[in-house]
Amino acid sequence: MGNTDLDPSIMALLNQATKTASSPLTQPEEQPQEDEDVQVESTQKSNDPIKVDLSRKAFSPIEKNFEDTPADYFNDPAYYKVALSGENQSAQRVHAVLSKYLKTSDPKDRSIFRQQMVTAYWELFRSIAPKARNPDFPMPKRMLLRYGVLLPSLFTAEQKLMFSKAFLENNTGEPVFYLDEWFKEIANGKLSISATDESRPQHKAATGAEAESAEQQRLLQLQSKNSGKLQSAESILSIKENERDMIEVELKNRIESLLEHQPLIGLEPHKMPYTDIQKHLFVEISERLRQLQKNDKELAANLKDYQEAKKIYDSVEEKLAGGPAVVEVNKTDLDTELTTVRQMVKMSVGRQGNQFPLFTREFFHCLPQETGFRENVISILSWIESIDPGAFCRIHKNVPNRIVPFVILVPSYGDFGFCWEPFDRYNRITSRGRIVVPMYPRSLQISILRAVADLRWQVAKEKASYYWMEEGLTGQYYQWIDQQKLKGDLKSFFIEDYILWMTKEAKGVQRLDKTVRGIFWRFMPFPQTLKDDLKKRSLVYAELCQKDQNRAMSDGY
């Protein structure tokens, strides 16, 4: 077998396996049970929706979309008064404009008051949102941020019952946030503010608490940047360890088979020589040993990377622990996030959409399943992932990491979900991106598909970098659009095609151009079970499956 060129540690492993196989007291079947216990323990990690858990491979199923018993906060007779109390001039202006809007029947006057309400509401919003971090934050103010509900009498009876049964807290562990939750985490410093095109102003040197807070923010940014390297290194290390375990099990089984010898009948206690099958095991054992040697070198390198990242991470954690207990976002950053969220709402509505910011039965026409409650959104995201398994995956060092983006639910009557940023600028490896979903669209499914398509496009474009018009998904799609001489926004074309891909092509209904179908089939493949089903329906999909096999057999697939 040429054992002389093998690593001594692997030879020791072989000798240990030989002794184990020859010992009658060994019970190898007990080991898998211990491994199962360890695996179960490792998968039950933190249910924190902010932190990324690379061990989660799918969304947890939503068992209930609504509570059985409705809450009573919308029946509070003081709801309207509590919602506006303590907000000074902004509350008075909202009250004045809303009163005029509800009393008038003239279409022109109502149109004017609607426009005035938009400005007045966002002034009130700017006053209320920073208070979301307070433990005693009143429920009416919370519902105003979350659903845009200022006056419960604007509900119908059915709508009030539906909203009263919506789950109040996030029990799913998924990063889907209502606006009141979003600003609570932003104000507490647990989430960074959303990226903007404007560069942040450089402040003069500060002293005391301001300087201390600035240092804390710098350390948090460093922690975010390094956590991606740490998580990625740990993920790759775990993969290599699992690979080693599999090879060792295969090696152990082959050695045990090699050490079994049947007695020679009539010539006991002598035993038979190696059979032809056992002689073939020499080659297989040698191959497994070489695989172990290669795995050991890769594992040692990955372990070194992990130890370095862990050392930096622990150092930053130690410095953060020695700083202030609570890190608060300064007023400038919070104002920036407030402006950003208002822009998000505008984009979800579009130029020609309904900008009215308050909930009213006049504009709300969604069914319970089509309203953007957290549980409904997660169910649709799970459906998307079942058809497009790579929708939330980012590849680092050839290892796919499943990273669900932050989903910000905005109470608007828009139809356009979109991606605000594909990942954090300080951590491109394992940070969550941010997508925005309107809560009251005509079709919640289409709105979320738009957001995921936008995320897909931006991640692929960032991955291709300077070569985004030449390589990968974006390059192939751009070249097709260019050949067709189509004019318009490239990403908009892609989003519309992605919607057809998910809603029509996944069912075997051919709606895409042949070239586009081939691009999506290659770079955003369906799961294999769906592919096998589609190829039975049409020769078009059968040909695409054949191309998959041809690429798999050739180099460079």
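The values are calculated or read from the model by the stated rules, or taken from the named source; none is laboratory data. Because the structure is a prediction, the values reported are computed rather than measured. Heads up, the Cβs are rebuilt from the backbone with ideal geometry, glycines too, and the neighbour counts pull from every protein chain shown. Keep in mind that these areas ignore ligands, DNA and RNA; they rest on the heavy atoms of the full protein, side chains included. Shrake-Rupley method; radii C 1.70, N 1.55, O 1.52, S 1.80 Å.
So here's what we get for this one:
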{"read-out": "Contacts under 6 angstrom Cβ, first residue in the stretch 508-535 being closer than 17 Å to residue 457 by Cβ and modelled with pLDDT of 95 or more, partner of a type in the set (D, E, K, R) and in a loop (DSSP other than H, G, I, E, B), 6 or more apart", "value": "524/388"}
{"read-out": "Some residue of the stretch 25-46 being among the small types (Gly, Ala, Ser), over 38 Å from the mean Cα position of the chain (by Cα) and modelled with pLDDT under 50", "value": "no"}
{"read-out": "Extreme residue, farthest from residue 291 (Cα to Cα), among residues of the stretch 223-263 that are open to solvent by less than 60 Å² (accessible area, probe 1.4 Å) and in contact with a Phe, Trp or Tyr (Cβ under 6 Å, 6 or more places away or on another chain)", "value": "224"}
{"read-out": "Residue within the stretch 363-375 that is within 30 Å of residue 450 (Cβ to Cβ), crowded, with 19+ Cβ neighbours inside 10 Å and of a type in the set (S, T, N, Q) present", "value": "yes"}
{"read-out": "Total residues in the stretch 520-548, condition within 14 Å of residue 477 (Cβ to Cβ) and either charged (D, E, K, R) or in contact with an Asp or Glu (Cβ under 9 Å, 6 or more places away or on another chain) (or both)", "value": "4"}
{"read-out": "Matching residues, the stretch 264-307, being open to solvent by 100 Å² or more (accessible area, probe 1.4 Å) and assigned to a helix (DSSP H, G or I)", "value": "276, 277, 279, 280, 290, 294, 297, 304, 307"}
{"read-out": "Residue in the stretch 176-197 that is open to solvent by 50 Å² or more (accessible area, probe 1.4 Å) and over 21 Å from the mean Cα position of the chain (by Cα) present", "value": "yes"}
{"read-out": "Residues of the stretch 375-426 satisfying the condition of being more than 26 Å from residue 525 (Cβ to Cβ), among the hydrophobic types (A, V, I, L, M, F, W, C) and part of a loop (DSSP other than H, G, I, E, B)", "value": "416"}
{"read-out": "Where a residue in the stretch 444-468 is hydroxyl-bearing (Ser, Thr, Tyr) and its partner, wherever it lies, is surrounded by fewer than 23 Cβ atoms within 10 Å (Cβ to Cβ) and assigned to a helix (DSSP H, G or I), with Cβ under 7 Å and at least six apart", "value": "467/475"}
{"read-out": "Residues that are in a helix (DSSP H, G or I) and open to solvent by 70 Å² or more (accessible area, probe 1.4 Å), drawn from the stretch 451-477", "value": "461, 462, 463, 466, 467, 476"}
{"read-out": "Residue in the stretch 321-336 that is at pLDDT 90 or above, surrounded by 14 or more Cβ atoms within 10 Å (Cβ to Cβ) and either among the polar types (S, T, N, Q) or closer than 26 Å to residue 239 by Cα (or both) present", "value": "yes"}
{"read-out": "Residue that is farthest from residue 185 (Cα to Cα), among those in the stretch 337-356 that are open to solvent by less than 70 Å² (accessible area, probe 1.4 Å) and among the aliphatic types (A, V, I, L, M)", "value": "349"}
{"read-out": "The stretch 505-553, residues that are touching a Leu at 6+ places or on another chain (Cβ under 8 Å), open to solvent by 70 Å² or more (accessible area, probe 1.4 Å) and under 24 Å from residue 484 (Cα atoms)", "value": "511, 523"}
{"read-out": "Single unsatisfied condition, residue 440 versus (1) assigned to a loop (DSSP other than H, G, I, E, B); (2) open to solvent by 30 Å² or more (accessible area, probe 1.4 Å); (3) more than 25 Å from residue 230 (Cβ to Cβ)", "value": "(2)"}
{"read-out": "Scope the stretch 100-149; condition without any contact (Cβ under 8 Å) to a residue 24 or more places away in the chain, surrounded by fewer than 18 Cβ atoms within 10 Å (Cβ to Cβ) and either of a type in the set (A, V, I, L, M, F, W, C) or within 23 Å of residue 74 (Cβ to Cβ) (or both); matching residues", "value": "102, 103, 112, 134, 135, 136"}
{"read-out": "Hits in the stretch 70-99 (condition: outside any helix (DSSP H, G or I), open to solvent by less than 50 Å² (accessible area, probe 1.4 Å) and farther than 17 Å from residue 131 by Cβ)", "value": "71, 78"}
{"read-out": "The stretch 487-500: number of residues that are in contact (Cβ under 8 Å) with a residue 40 or more places away in the chain and buried (at least 19 other Cβ atoms within 10 Å of the Cβ)", "value": "3"}
{"read-out": "Number of the condition not met by residue 342 [criteria: (1) among the basic types (Lys, Arg); (2) under 30 Å from residue 127 (Cα atoms); (3) without any contact (Cβ under 8 Å) to a residue 60 or more places away in the chain]", "value": "(3)"}
